[in-house]
1. Of Trp33, Trp99, which residue is of a type in the set (Phe, Trp, Tyr), more than 19 Å from the chain's Cα centre (by Cα) and under 21 Å from His128 (Cβ atoms)?
2. Looking only at residues that are in contact (Cβ under 8 Å) with a residue 12 or more places away in the chain and hydrophobic (A, V, I, L, M, F, W, C) in region 87-98, which one is least open to solvent (accessible area, probe 1.4 Å)?
3. I need the full set of residues from region 192-212 which are in contact with a strand residue (DSSP E or B) (Cβ under 9 Å, 6 or more places away or on another chain) and open to solvent by 20 Å² or more (accessible area, probe 1.4 Å), in order please.
4. Quick one: would you say Val38 is touching a Phe, Trp or Tyr at 6+ places or on another chain (Cβ under 6 Å) and over 21 Å from Ala129 (Cα atoms)?
5. Could you grab the pairs with beta carbons closer than 6 Å, sequence gap of 6+ or different chains, first residue in region 162-174 and within 16 Å of Gln184 (Cα to Cα), second one modelled with pLDDT under 95?
6. Quickly run through region 291-301 and pick out the residues that are open to solvent by 50 Å² or more (accessible area, probe 1.4 Å) and in a helix (DSSP H, G or I).
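The values are calculated or read from the model by the stated rules, or taken from the named source; none is laboratory data. Small disclaimer: the values here were computed from a predicted structure and weren't measured. Cβ placement follows ideal geometry from the backbone for every residue including glycine, while neighbour counts extend to all protein chains displayed. Heads up: the accessible areas ignore ligands, DNA and RNA and are worked out on the full protein's heavy atoms, side chains in. Shrake-Rupley method; radii C 1.70, N 1.55, O 1.52, S 1.80 Å.
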Amino acid sequence: MDYRRVGRSGLVVSELSFGAATFGGAGEFFQAWGETGVDEARTMVDLCLEAGITLFDTADVYSDGASEEVLGAALRGRRDDVLISTKAGLPMGAGPGDWGTSRSRLITGVEAALTRLQTDRIDLFQLHAYDSYTPIDEVLETLDVLVRQGKIRYTGVSNFSGWQLASSLARADAAHRTRYVAHQVYYSLVGRDYEWELMPLGVAEGVGALIWSPLGWGRLTGKIRRGAPLPERSRLHTTAAAGPPVDDELLYSVVDELAAIAAETGKTVPQVALNWLLRRPTVSSVIIGARTPEQLRDNLGAVNWKLDAQQIARLDAVSTKDAPYPYFPYFRQEGIAKLNPPLLTP
């Protein structure tokens, strides 16, 4: 396992991290992801620690807090050996104060997360989504206070647009407040939109990417193939409508290429898909999840080897989609590309 700094911060994390959204299993949506209890969670944590994973990610909204509770219990006695990241901001109830990132919501959300996680600090606290109702300065000031109190160590965001993140960073710098070091984003071989705006912003501003759903919302397991029915046990039966949409032809073409490279390398389709992500610019850690120890072991096999340049180029080519404005090829052909060269190295 290799270790990387998160952006330009001093926070160092394992290149693979573990996502605990499968812990708890409260509610139909998260039941489809997994129903891992404390005993099974301890087994998962053991496997992660043996492999060198240091970062464990969760959120208050996962199973209505049960994910944090199970993770906290599974980490009991080894808290100082790991880093915990969690998120807040999405609705946790029907009340007017049960959502968003207002001062009150953040303070109560952090205190509740600390209790559920059975810890005195959160190593990385992230806003789960942008809150357009709360002034950016209020959010930043509140997070700054929580950092100075020692309740959180680093701050980040998730699912922000380019302008939302850029505005927040600019306001933090202007007020000399704690700035975001991480952006937890969706990025996969069947979802490369992160590259157009957010990746260049991450390079320019020193914000590291933590990748969620690196297997395209469960589509890049190798079990979904052209002409074959959806596997009976796939969580896509329940959750597909909630996740990022994927064009079927793109999916089948990418999986075909992944399968070919898997055969060449002696690896599995998920391992190849995850290894490709680990070579991308700004990526600090790829968050893997699993319902079973077998799935986790397979995902852990994505490290300690590298795709060669030709294999990476093949995956780049098969997964590339037409760029949106103002990035589409006309401008690249007319010379703007000379001013904005592509990002080639992590």
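1. Numbers: Trp33 fails: more than 19 Å from the chain's Cα centre (by Cα).
Trp99 is the lone residue from the list that is of a type in the set (Phe, Trp, Tyr), more than 19 Å from the chain's Cα centre (by Cα) and under 21 Å from His128 (Cβ atoms).
2. This residue is Ala88.
3. Asp193, Leu198, Leu201, Trp212
4. It is false that Val38 is touching a Phe, Trp or Tyr at 6+ places or on another chain (Cβ under 6 Å) and over 21 Å from Ala129 (Cα atoms).
5. Once the first residue is within 16 Å of Gln184 (Cα to Cα) and sits in region 162-174, its partners that are modelled with pLDDT under 95 give Gly162/Glu197.
6. Within region 291-301, Glu294, Gln295, Arg297 meet the criteria.
Conditions tested, residue by residue: (1) farther than 27 Å from Ser17 by Cβ; (2) surrounded by 17 or more Cβ atoms within 10 Å (Cβ to Cβ); (3) modelled with pLDDT of 80 or more; (4) in contact with a Lys or Arg (Cβ under 7 Å, 6 or more places away or on another chain).
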| position | (1), (2), (3), (4) |
| --- | --- |
| Val286 | no, yes, yes, no |
| Gly289 | no, yes, yes, no |
| Val303 | no, yes, yes, no |
| Ile312 | no, no, yes, yes |
| Ser319 | no, yes, yes, yes |
| Tyr325 | yes, no, yes, no |
| Phe328 | yes, no, no, no |
| Ala337 | yes, no, no, no |
| Pro341 | yes, no, no, no |
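Condition check ((1) of a type outside the set (Phe, Trp, Tyr); (2) assigned to a loop (DSSP other than H, G, I, E, B); (3) without any contact (Cβ under 8 Å) to a residue 60 or more places away in the chain; (4) surrounded by fewer than 21 Cβ atoms within 10 Å (Cβ to Cβ)) across all residues:
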{"residue": "Gly7", "(1), (2), (3), (4)": "yes, yes, no, no"}
{"residue": "Val13", "(1), (2), (3), (4)": "yes, no, no, no"}
{"residue": "Asp39", "(1), (2), (3), (4)": "yes, no, yes, yes"}
{"residue": "Met44", "(1), (2), (3), (4)": "yes, no, no, no"}
{"residue": "Leu49", "(1), (2), (3), (4)": "yes, no, yes, yes"}
{"residue": "Ser67", "(1), (2), (3), (4)": "yes, no, yes, no"}
{"residue": "Ala73", "(1), (2), (3), (4)": "yes, no, yes, yes"}
{"residue": "Gly77", "(1), (2), (3), (4)": "yes, yes, yes, yes"}
{"residue": "Ser85", "(1), (2), (3), (4)": "yes, no, no, no"}
